[in-house]
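Asker: The structure under discussion is supplied below as structure tokens; questions concerning it will follow.
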Amino acid sequence: MEEKKAEWISKTTEKLKEKVAWVSTRSQNKIPYTTVNKVHDDKSIPSASQDDGLNWWCNGFFGGMMSLMYHETKEERYINIVRGIEEKLDTCFSNFYGLHHDVGFMWLPTAVADYRLTGNLVSKTRGLHAASLLAGRFNPVGNFIRAWNDPKPKDSSNKGWAIIDCLLNIPLLYWASEETNDPRFRQIAMLHADTARKYFVRPDGSVRHIVEFNPETGEMIKDYAGQGYALGSSWTRGQAWGLYGFVMSYIHTKKQEYLDTAKQIAHYFISNIPEDGLILADFRQPKEPVWYDDSAAAIAASGLLELSKQCNSVDAEIYEIAALKLLIALDQNHCDYTKDNDGIVQNCSVAYYGEHEINLIYADYFFLEAILKLKGTDFFLW
Ligand code: GLY
């Protein structure tokens, strides 16, 4: 059994590294989000919309893949691609309104990773600017980090909106506190995580996607289905963000409640993994149509592997077995390792009512991250 596992990890790592090495050359000047006709698109092409283009929340993940590959191979070309992306993203700092809470997803896998890997002080400054922007989104009456700015045209307001995804942005704040020896960033992150525990996590271990608070009093107003099927449903990528996010808050703070919550969400997630190991877009979606979300599977798998490192050996085995089930299912059913396609993981959903059966760069990122964790990498990016 152990031998078979080791063989699968080794084969999958090799296939992945070969594919990423190939695509890193093809896409070295791009910031990919997805594929169009099997070719990476490029979010660094100037866009008319300030929410899109360079400000797009996913713009850190291709750089993140390059950071992982640099750590793995020490080949300079990978860190040079990361730096090219960092330089492009510098433009975002002068477009304050275009940014959002996803600055963690944008700068942790790029600038902060560069700083952690090479000590690059320009990158460290980029990371600290991004952390200050994230901290500036904190609402102290409701103890939450505001997700997005108001949509345009201004027919509604997001002032009181917080979302589960933010739990994987706040490691940027933990990092900033560790770097500056200033507790403010960490305290904001913990207050937000405490709010998420209280208002997002349901008694059965599932999590809500969006919760709206009164931005003047902090009172909870209501929740929204967000990218899930319906109010009260269970958007799987949201479950994965919650699971992984609480593990990260535990690692950075050692607060037991965060570990307990991560386990609670993990148990819920594991109990919903179907026989074939393939994850749907929403655990409570109707039987038809069958929409999958491979990104949820990859994020959850990487989160479960991180969780397994925080537990005693019995729990650790449960989490690792579940992670392996998810990753093997992706490898055997939904991965394209050929050179006909720039993307790797092929069957993602942007949202239940969004695009389906597409490649998403963060699914590729978390799949690579999870496989490298199984291989035993010691690089810590979040
Ligand atoms: N963070 C946005 C999403 O997961 O789609």
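Asker: Would you rank Lys5, Lys198 by solvent-accessible area, highest first, keeping every protein chain in place and using a 1.4 Å probe?
Answerer: Result of the area sort, largest leading: Lys198, Lys5.
Asker: If contacts are Cα pairs under 8 angstrom and at least 6 residues apart, what is the relative contact order of the chain in percent? Mind dumping the intermediate values first?
Answerer: Details: 699 pairs, mean separation 61.5, N = 382.
It comes to 16 percent, rounded to a whole number.
Asker: So what's the projected area for segment 70-111, the Cα convex hull averaged over all directions, in nm²?
Answerer: 3.0 nm²
Asker: How are the C-alpha pair distances of the chain spread across 10 Å bins, as whole percents from the shortest bin up?
Answerer: The distribution over the chain is 5, 25, 37, 27, 6, 0, given as percents.
Asker: Divide by every residue of the chain the summed helix terms, -39500 (n - 2.57) for each DSSP H run of at least 4, and state the resulting mean residue ellipticity at 222 nm, rounded to the nearest 500 deg cm²/dmol.
Answerer: One gets -16000 deg cm²/dmol as the mean residue ellipticity at 222 nm.
Asker: Quickly work out the Asn312-to-Val290 label distance, labels modelled 7 Å from Cα along the C-beta direction, and quote it in nm with one decimal.
Answerer: So the two model labels end up 3.9 nm from each other.
Asker: Follow-up question, since we're still on this one. Please give the length that would be gained between Asp378 and Asp204 if that part of the chain were fully extended, namely 0.36 nm times their separation in residues minus their C-alpha to C-alpha distance (nm, one decimal).
Answerer: Working: separation 174, 0.36 × 174 = 62.64 nm, distance 3.31 nm.
Length gained, Asp378 through Asp204: 59.3 nm.
Asker: While we're on this one: Using a/c under 1.5 as the rounded threshold, could you call segment 218-327 rounded, prolate or oblate? The axes a ≥ b ≥ c are square roots of the C-alpha gyration tensor eigenvalues, and prolate needs a/b larger than b/c, oblate otherwise. Don't skip to the answer; put the middle values down first.
Answerer: Details: a/c = 2.46, a/b = 1.19, b/c = 2.06.
Oblate, because a/c is 1.5 or more while a/b does not exceed b/c.
Asker: Relative contact order for segment 93-202 using alpha-carbon pairs under 8 Å, separation at least 6, rounded to a whole percent?
Answerer: The value is 26 percent.
Asker: Calculate, for Trp22 and Glu75, the FRET efficiency according to 1/(1 + (r/R0)^6) with r their C-beta to C-beta distance and R0 22 Å; round to the nearest 0.05.
Answerer: The value I calculate is 0.95.
Asker: Shifting gears a bit: Could you order Tyr97, Tyr353 by accessible surface area, starting with the largest, using a probe radius of 1.4 Å?
Answerer: Tyr353, Tyr97
Asker: Quick check: residue separation of Glu219 and Asn181 times 0.36 nm, minus the Cα distance between them. What number comes out in nm? Walk me through the intermediate numbers first.
Answerer: Working: separation 38, 0.36 × 38 = 13.68 nm, distance 3.21 nm.
Contour length minus Cα-Cα distance gives 10.5 nm.
Asker: Rank Trp382, Trp291 by accessible area, highest first, at a 1.4 Å probe radius?
Answerer: Trp291, Trp382
Asker: For Ser132 paired with Asn37, estimate the spin-label separation in nm (one decimal), with each label point 7 Å from Cα along the Cα-to-Cβ line.
Answerer: 4.5 nm
Asker: R0 = 45 Å: FRET efficiency of Gln256 with Tyr337, Cβ-based, nearest 0.05?
Answerer: So the FRET efficiency works out to roughly 0.65.
Asker: Report, to the nearest whole %, how much of the accessible area of the chain belongs to carbon and sulfur atoms, 1.4 Å probe, protein only.
Answerer: So the carbon and sulfur contribution to the accessible surface is 52 percent.
Asker: As a test question: what accessible area, to the nearest 10 Å², does Glu75 have when a 1.4 Å probe is rolled over all protein chains in place?
Answerer: About 80 Å², rounded to the nearest 10.
The values are calculated or read from the model by the stated rules, or taken from the named source; none is laboratory data. Computed from a prediction, not measured in an experiment: that's the story for all the values here. Virtual Cβ from ideal backbone geometry, glycine too; neighbours counted across all protein chains shown. Quick note on the areas: whole protein, heavy atoms, side chains included, nothing else; ligands and nucleic acids left out. Shrake-Rupley method; radii C 1.70, N 1.55, O 1.52, S 1.80 Å.
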